[in-house]
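The values are calculated or read from the model by the stated rules, or taken from the named source; none is laboratory data. This is a predicted model, so every value here is computed, not measured. Note that we place each Cβ from the backbone using ideal geometry, even for glycine, and neighbour counts take in every protein chain shown. When the accessible area is computed, the model is the full protein with side chains, heavy atoms only, and any ligands, DNA or RNA have been set aside. Shrake-Rupley method; radii C 1.70, N 1.55, O 1.52, S 1.80 Å.
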Amino acid sequence: MKTNQVMVAALVAVGLVSLGGCGSNDNNWAEPTPQPPAGTKIAEGTTVTFALMETTDLHSNVLSYNYYSLAEDTSLGMERTSTLIQAARVENPNNVLLDDGDVIQGTLLGDLQAVTAPIPCSGTLAVHKAMNALKYDGGGMGNHEFNYGLPFLSQVTNTDFNIPGVTKPTGTCGAPAFPLVLSNVTGVASGKPIFQPYAVLPRTFKATAPDGSSVDVKLNVGIMSFVPPQILEWDQKNLAGKVAVSGAKEAAQQYIPELRAKGADVIVALSHGGLDPSPYSPKMENQSYHLAGTGIDALLVGHSHLIFPKGKETGAAALDPSLAALPASANIDAINGFVNGVPTVMAQSWGRRLGIIKMTMVYQGGKWVTQPTKTTVESRGFKYTDGTTLVKADPAIASLVATEHEATIAYAKQPLGVTTDFEMSSYFSLVGDVSAIQLVNQAQIDYVKNFIGTSTDPVLASYKNIPVISCSAPFKAGRNGPSDFTDVAPGASAAAPVGLQVRNPGDLYLYSNNNLQAVKIKGADLKAWLETSAKQFGQIDPAKTVEQDLVPSYGTIYNYDVFYAENNALTYQIDVTKPAGSRIVNLVYQGKPVADADDFIVATNDYRAGGGGNVPGIDGSKTIIKSPDANQTVVSNYLQKVGKASGKVTLTGNGSARSWSFAKVKTAGPVILRSAPGHLALARSSGIAAVAAEGGLDASGFAKYSIDLSK
Amino acid sequence: MALRFACVALLAALAGCGHEAMPTPTQIEALAMTAAQRGDPASEQRLQRLAAQGATVAQRELGILYRARPAARADAERLLLQAAQAGDAQAAFHLGELYRLPAAGVTPDPAAAWPWYQHAAEGGQAKAALQLGLMAKNGNGVPRDAAVAARWLQLAAELGNAHAMFLLSYAYRDGEGVARDPARAAALLEEAAEHEYPPALQELALTTQDPTRAGHLMKEATEHRRNNWNRF
């Protein structure tokens, strides 16, 4: 309250002070905001041109760096957006820089500052530090802002939401030094907006009087922001019963008259939703289209990570098919950037583009009137100058967040709190080694059993007597050449155990995008699933005397699911002499052959459960658990749990339960497996009996190991 | 607002509110959002009155609200049935869900769900068309028929359902229920990924020849993992 009164006083005194200086986003938004400038005479016919600049879906990409591959990625990052911003400011001295949300989450850096080592109230998020340095004028919210929960969002925006149970640390927390607005989210208990629903940014711009002279005019830029109502489903754990979301159109209609009354000359919607011209419903996800026509003068949109309008640079990507497919009746001009006559821009994501609406308004009849024909829209990328040259990084940004960046990289190498007495590798996964797979399966089974055992859902709870099994694949097994294999804790042994690091679960479970899911299937489905997996093997003719490849290609090796049940209770054999589709034999669970009608619950990932790999019947129709937790996290948590209990994982307990083997056959000629060279000793010491010898290298550098299928 | 409260007061006195102006469907949906998100009894009662007056959208929205409450299953079914019979496609979809999905003490009845999904799909409900595709694909409640499955998946894909686009891309890749068409399969995979279906993002990342694109697709899939877990 106090801050706002001080702020308003300052505004009155100076007339044009940016709201950005106040460093607080207290949501006492109902306080008076600047009135239309009194006493200033603007001549009729005065023209002003200014740039509304947009970033959207920054997703915590401060540097041109990919934390998942731990490598530079010059195609993204605010350190390069900064260069776009500075150039645009030179071109457009009258300008406002706004952000459309999805700021705080998205990279390992974001996770580190929110979850692993939560930033204290006194600190400012790296991404907000960069935004403050770039002197943003205002910002809206995105759906991902809610991913880390309301208390965290409250702290890092220094905003008291007035939600019971959500307390902001006392004092002023590090936060954006510019106003944040959100127009369609209210607290359930308070009934009031959790952020100020709008803000008026008074700006002094150079304008041209009818006589051609240059004059200073005061223009009030009003900003609003909207998020999809689906945040209540996607972040239900964080938000259910705490906040309510209304439709964007209803919120716009509620606040636009207030904004106008408070002197807004131009109203800009920061709408975190894509363009969907189907009939309006407050329940729809992408509502931005329907904001055109509510009285909004410009639309800065996001959420769908697209480029709108089509890039203007040489060699710009074609218009996204989803935009190209919009019906003409929707009146969306994707070349010039207008939606029903309202200038609209979407700046892709990750700082890769800067949206620029160069807006012209004329003072007519005592107010500023938009001039659509004199308004241009651009979604400007890193190669905007000539279509090939990338803009340079702004070194100021890197030095600003150097500490946070280094901490993120260092984090990956911290100890996980567990040692291993065996090397976890995928060199021989295709001949039965499970040293890099069993732990993943054990972690997934542990998670699903616990999920069902503790579920309050009566349907899920009723499944508690159905066996839970798990599958996972050797994701990193030669797809990208002979060096592309999992190899965690090389040389580890009982005599010389190796401590695992934070990054190692990501080596065992390669794909950071996967969420754990579980499906409920029949024995017949399990057999069909195993047959699909077994398609990775070539058909071996025992009579052939020429060399035969056991695995002709590693291209889709991520579809080689290896199944496992606790205590290795599920076992099966693969007869590679048979054609694909009839190779699985001796499928046994707890000593008994698996019958077609038997029930199983399989712990897997969202790719497989949702149809990935085209396994018969596994197409999303049998999914019983959709977990918000990443498989990687599940593996990491399991390793840490084992670490806490015993300090170690062992070959006996976690790496040698070989659930499958080949149906034994003697072949007349050599059968080979291509793998990384130099690991015959490992095969021997691990007891992978089928690996008989290491041969020469093939043209790609793979060693040809000879495989004895009779062993 | 004041009028509504006056109306509620009158309702108590006269046991009727005949003069309440019929809100638009969008207004009723907004009312239902308030009822669901805030647990607001006044909004729910207003929905009940509107439903009793025969407002199809109110019947549908109240039915959806009641579906989340196992004890109100019979009311949910009755309301959804009313709305679906009046031609409301969303209500028909939810009725199909109510019949198909397992619930405590209720045996799922996919065969009963089928005609309602069909009404819903014909009324433009993409998720209903997806369910029809999945049911025909798996022989759930209807005979297994890959061609029928592909037709419904096609409709669901046309209506914008990313899950259906993804499954249909495999159907065209492998010639299941349709003639093999690798180009169409590739286009559908792109479209499914564009619509953020997580398995499609991953499949495209793992099959594209462009390493930068592969990296960006996986990055996007990872970044959106937190919101895509229950989105499809």
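Numerical summary
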{"read-out": "Which numbered condition A:P282 misses (of (1) assigned to a helix (DSSP H, G or I); (2) open to solvent by less than 10 Å² (accessible area, probe 1.4 Å))", "value": "(1)"}
{"read-out": "First in the stretch A:615-631 and β-branched (V, I, T), second anywhere and at pLDDT below 95, Cβ under 7 Å, 6 or more apart", "value": "none"}
{"read-out": "Residues satisfying the stated conditions in the stretch B:185-216, i.e. more than 8 Å from every other protein chain (Cβ to nearest Cβ), in a loop (DSSP other than H, G, I, E, B) and either surrounded by 15 or more Cβ atoms within 10 Å (Cβ to Cβ) or of a type outside the set (S, T, N, Q) (or both)", "value": "B:E196, B:T208, B:D210"}
{"read-out": "Residue under evaluation B:A147, criteria (1) surrounded by fewer than 22 Cβ atoms within 10 Å (Cβ to Cβ); (2) more than 13 Å from chain A (Cβ to nearest Cβ); (3) more than 30 Å from B:T207 (Cβ to Cβ), criterion not met", "value": "(3)"}
{"read-out": "Residue in the stretch B:105-118 that is within 14 Å of chain A (Cβ to nearest Cβ), of a type in the set (A, V, I, L, M) and in contact (Cβ under 8 Å) with a residue 12 or more places away in the chain present", "value": "yes"}
{"read-out": "The stretch A:285-307, residues that are out of contact with any helix residue (DSSP H, G or I) (no Cβ under 8 Å at 6 or more places or on another chain), part of a loop (DSSP other than H, G, I, E, B) and open to solvent by less than 30 Å² (accessible area, probe 1.4 Å)", "value": "A:A292, A:D297, A:G302"}
{"read-out": "Of all residues making up the stretch A:440-475, the number that are part of a loop (DSSP other than H, G, I, E, B) and open to solvent by 60 Å² or more (accessible area, probe 1.4 Å)", "value": "6"}
{"read-out": "Filtered residues of the stretch A:256-279 (kept if away from chain B (no Cβ under 14 Å), crowded, with 19+ Cβ neighbours inside 10 Å and not charged (D, E, K, R))", "value": "A:I256, A:L259, A:A264, A:V266, A:I267, A:V268, A:A269, A:L270, A:S271"}
{"read-out": "Inter-residue pairs, beta-carbon under 7 Å, first open to solvent by less than 30 Å² (accessible area, probe 1.4 Å) and in the stretch A:642-653, second aromatic (F, W, Y) and assigned to a helix (DSSP H, G or I), 6+ apart", "value": "none"}
{"read-out": "Residue selected from the stretch B:169-184 under the condition within 11 Å of chain A (Cβ to nearest Cβ) and assigned to a helix (DSSP H, G or I), by the criterion surrounded by the fewest Cβ atoms within 10 Å (Cβ to Cβ)", "value": "B:D174"}
{"read-out": "Candidates A:V115, A:V90 - the one that is among the β-branched types (V, I, T), surrounded by fewer than 24 Cβ atoms within 10 Å (Cβ to Cβ) and farther than 24 Å from A:E378 by Cβ", "value": "A:V115"}
{"read-out": "Cross-chain or 6+ apart pairs with Cβ under 9 Å, the stretch B:37-66 first and within 13 Å of chain A (Cβ to nearest Cβ) and touching a residue at least 24 places away in the same chain (Cβ under 8 Å), then crowded, with 20+ Cβ neighbours inside 10 Å and part of a loop (DSSP other than H, G, I, E, B)", "value": "B:V57/B:D88; B:R60/B:D88"}
{"read-out": "Options B:A183, B:A156; residue that is of a type in the set (A, V, I, L, M, F, W, C) and closer than 23 Å to A:N515 by Cβ", "value": "B:A156"}
{"read-out": "Residue that is farthest from the other protein chains (Cβ to nearest Cβ) [pool: residues in the stretch B:10-33 that are at pLDDT 95 or above and either over 19 Å from B:G63 (Cα atoms) or in a loop (DSSP other than H, G, I, E, B) (or both)]", "value": "B:P23"}
{"read-out": "Hits in the stretch A:166-195 (condition: in contact with a strand residue (DSSP E or B) (Cβ under 7 Å, 6 or more places away or on another chain), surrounded by fewer than 23 Cβ atoms within 10 Å (Cβ to Cβ) and under 30 Å from A:T360 (Cα atoms))", "value": "none"}
{"read-out": "Count of residues meeting criterion [in contact with an Asp or Glu (Cβ under 7 Å, 6 or more places away or on another chain) and over 24 Å from A:A630 (Cα atoms)] in the stretch A:502-547", "value": "4"}
{"read-out": "Counted residues, the stretch A:476-516 - those being part of a strand (DSSP E or B), buried (at least 24 other Cβ atoms within 10 Å of the Cβ) and at pLDDT 95 or above", "value": "3"}
{"read-out": "Only listed residue being assigned to a strand (DSSP E or B) and within 37 Å of the chain's Cα centre (by Cα), chosen from A:I624, A:I618, A:I672", "value": "A:I624"}
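For (1) basic (K, R); (2) open to solvent by less than 20 Å² (accessible area, probe 1.4 Å); (3) part of a strand (DSSP E or B), each residue gets a yes or a no:
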site	(1), (2), (3)
A:G315	no, no, no
A:M346	no, yes, yes
A:L354	no, yes, yes
A:M361	no, yes, yes
A:E378	no, no, yes
